[in-house]
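Values in this text are rule-based calculations from the coordinates and carry no lab data. As the structure is a computational prediction, the values presented were derived from the model and not from experiment. Here the Cβ is made from the backbone with ideal geometry for all residues, glycine too, and neighbour counts use every protein chain on show.
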Amino acid sequence: MPTLTRTLRLSPDQVETFDREGYLIFDEPVLSPEKFDALKAHFENKLLALPPEIRPEAMDVPHFTDTKLFEWLFADEVLDIVESLIGPDIALWSSHFICKPQGNGKRVPWHEDSAYWRSAVSPMQIVTLWLAIDPSTPENGCMYVIPRTHDNGFSDYHPVDPATHVFDTEITKQQRDESRAVPCILQPNQASLHDARLMHGSPPNRSTLRRCGYTMRYMPTSVKFGGEGNWGNVHQIYLARGRDIAGNTYADPEKSYESLARYRETKLKHSH
């Protein structure tokens, strides 16, 4: 059989920047205009269907019940970026629409994604592709990162008010240096990428413009999912490309998992 060859989308310099800084701005179109427009239209329909009591920041793991999202989560244009960073054997860890409405979009406290997933995977090697649906700027609450903070990933946290924050804990002030924070300014269909251990957060959206992104999160299949705790009962991963290495069990991207989604809504209160 002929060997499959792909053109990976990140240059060696971009990969080096990601490894050194813990994040990367991909200021080119991620998807074709047609694919991006279809994703945005799909999101707008999902947003319109949200019950009034559900905040738009809380659209976590929508792919558990919306199998059409795999059209974009498994798109070669996305996976060719991710493969540049983690290799050819790729599992989808999670996805999340985080939409800050104009005027009252909640603040995302400073955090490391790894702090929430510490018992779920080993080793901690997850990369997030944050695809901008809307323009994302300092004015409407874009994400900020603190470069080169991805050497640990397990800081100490203190409580914050969930009425004004997307989730209820934040890295203690003594362990974060906000003076070094860098805004991830993106146009629609551009993306930022960040290591799960990197410190990041975003201010509230008080502007007249909505700010929405779709986070697509991936890990190499050499990472073992399950670990300690109840993760095997509340979460699932999908084989996106290549082969399994760690002996993981993968969910079916053609199947909807309604009961699991409902369980997570009632039992898991954090989002990223």
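Total residues in the range 70-105 satisfying the condition of being assigned to a strand (DSSP E or B), among the polar types (S, T, N, Q) and out of contact with any Ser or Thr (no Cβ under 7 Å at 6 or more places or on another chain): the figure is 1.
Name every residue in the range 130-175 that is surrounded by 21 or more Cβ atoms within 10 Å (Cβ to Cβ) and outside any strand (DSSP E or B), in order of residue number. Selection gives Ile133, Asn140, Gly141, Cys142, Met143, Ile146, Thr149, His150, Val166. Cβ-Cβ distances below 8 Å connect the following pairs, each with a first residue in the range 34-46 that is crowded, with 17+ Cβ neighbours inside 10 Å, a second residue that is hydroxyl-bearing (Ser, Thr, Tyr), and a separation of six or more residues or different chains: Leu39/Tyr214; Phe43/Tyr214.
Counting only residues that are surrounded by fewer than 17 Cβ atoms within 10 Å (Cβ to Cβ), part of a loop (DSSP other than H, G, I, E, B) and touching a Lys or Arg at 6+ places or on another chain (Cβ under 8 Å), the range 198-250 holds 2 of them.
Pairing residues of the range 50-67 that are assigned to a helix (DSSP H, G or I) with residues that are basic (Lys, Arg) and surrounded by 15 or more Cβ atoms within 10 Å (Cβ to Cβ), at Cβ distances under 6 Å and at least 6 apart in sequence or on separate chains, gives Glu57/Lys106.
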